[in-house]
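Reviewing the structure listed below.
The values are calculated or read from the model by the stated rules, or taken from the named source; none is laboratory data. Here the structure is a predicted model, which means the values were calculated and not measured. Ideal geometry is used to build each Cβ from the backbone, glycine not excepted, and the neighbour counts take in all protein chains shown. All accessible areas refer to the heavy atoms of the entire protein, side chains included, with ligands and DNA or RNA removed. Shrake-Rupley method; radii C 1.70, N 1.55, O 1.52, S 1.80 Å.
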Amino acid sequence: MSEQLQLSVVNVYKGAYIIFEGEQSNGKFFIIKKGTVEVSRDAISQNEILNPGDFFGVISSMSTRK
């Protein structure tokens, strides 16, 4: 049985947390359509800013790892 790709648009408000490092993956990844996303990790001291067209969460969603 094959799974079908399901796409959805999610609006996230400024200051919201989208993914927490170390939590179980929910099988989703995100592509930024509008605005910016600030990525911060425990292991990296400098935060990264993602812009429209950038994406994140792909590795954890495909490997179902934390």
Q: Kindly list, by first and then second residue, each pair from a residue in the stretch 20-40 that is under 15 Å from Leu5 (Cα atoms) and touching a residue at least 24 places away in the same chain (Cβ under 8 Å) to a residue that is open to solvent by less than 50 Å² (accessible area, probe 1.4 Å) and β-branched (Val, Ile, Thr), limited to pairs with Cβ atoms under 9 Å and residues at least 6 apart or on different chains.
A: Phe29/Val58; Phe30/Val37; Phe30/Val58
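Going through the stretch 12-58 one residue at a time, which ones are among the charged types (D, E, K, R) and assigned to a loop (DSSP other than H, G, I, E, B)?
First, the residues of the stretch 12-58 that are among the charged types (D, E, K, R): 14, 21, 23, 28, 33-34, 38, 41-42, 48, 54.
Lys14, Glu21, Glu23, Lys28, Lys33, Lys34, Asp42, Asp54, listed by residue number.
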Q: Filter the stretch 1-11 down to residues that are among the polar types (S, T, N, Q) and either farther than 14 Å from Pro52 by Cα or not in a loop (DSSP other than H, G, I, E, B) (or both) and give me whichever is nearest to the chain's Cα centre (by Cα).
A: Ser8
